[in-house]
């Protein structure tokens, strides 16, 4: 299937007039927000940095003539998820892109436990809470879509990123199960499993799809994701595809139904991934 996921998401159809994007202040989340705005969706954009969100909201609203509601919240806390649910309750929202998350690297026993547990809260607990809230809402309205950010490291254990890889394994298997559960309700579920992608996320912690920026520009690997022929997982990028096949034999489970699309990886981003994810 050559039709992009985002181009099929037309406002006013099964996906409603509004899309909700978490982690929208930069990186993959921002790229999703930009493309959905281009498609004509009104947006609720969520992240921790209020000033960055406000600037993005003004930019997207002025450029595309859409309504944008910024929500500054910390999804690592239950009240952050509750606030996002409250703000969107009266809107005809039919699309959720859960792109908020962060990662850690280094030996687990030397890591800060508070940070590691906080990562579980953001990458797993918040994803489950949002999927439950919006999944129920979409099922009641008779249709919708949920996009969850998995990772190339979700398919096997990764030394020196053990806890991070485990959080992404949760997202991956969660998406695979939800896809089957929600299909009869008309709700689409897609897991996006990026490898190295240039974005500002790496400035916080090294993680999947968010290595240190090597040059300015939008992370096209997320923006150009296309739906696989069979399966609910999308693995963008030529390097991601090659690495997925290389490590498949090492993991406890294969990467089912994944396709790979080239995006603008660089030697620097490939070097980052090899240093930080595979060693």
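The values are calculated or read from the model by the stated rules, or taken from the named source; none is laboratory data. Because the structure is predicted, anything quoted here is derived from the model rather than measured. When we count neighbours, we look across all protein chains shown, and the Cβ atoms used for this are built from the backbone with ideal geometry, even at glycine.
Any residue at all in the stretch 53-73 that's surrounded by fewer than 15 Cβ atoms within 10 Å (Cβ to Cβ), over 18 Å from the mean Cα position of the chain (by Cα), under 27 Å from residue 125 (Cβ atoms) and without any contact (Cβ under 8 Å) to a residue 12 or more places away in the chain?
Checked the stretch 53-73: no residue is surrounded by fewer than 15 Cβ atoms within 10 Å (Cβ to Cβ), over 18 Å from the mean Cα position of the chain (by Cα), under 27 Å from residue 125 (Cβ atoms) and without any contact (Cβ under 8 Å) to a residue 12 or more places away in the chain.
Counting only residues that are without any contact (Cβ under 8 Å) to a residue 40 or more places away in the chain and under 19 Å from residue 15 (Cβ atoms), which one in the stretch 152-188 is farthest from the chain's Cα centre (by Cα)?
184
Quick test for you: out of 76, 62, 80, pick the one residue that is at pLDDT 95 or above and closer than 26 Å to residue 141 by Cα.
One residue alone meets the criteria, 80.
Of all residues in the stretch 35-57, how many are touching a strand residue (DSSP E or B) at 6+ places or on another chain (Cβ under 8 Å), more than 14 Å from residue 99 (Cβ to Cβ) and in a helix (DSSP H, G or I)?
Result for the stretch 35-57: 4.
Whether any residue in the stretch 210-218 is modelled with pLDDT under 95, surrounded by 24 or more Cβ atoms within 10 Å (Cβ to Cβ) and touching a helix residue (DSSP H, G or I) at 6+ places or on another chain (Cβ under 7 Å) is what I want to check.
Among the residues of the stretch 210-218, at least one is modelled with pLDDT under 95, surrounded by 24 or more Cβ atoms within 10 Å (Cβ to Cβ) and touching a helix residue (DSSP H, G or I) at 6+ places or on another chain (Cβ under 7 Å), which makes the answer yes.
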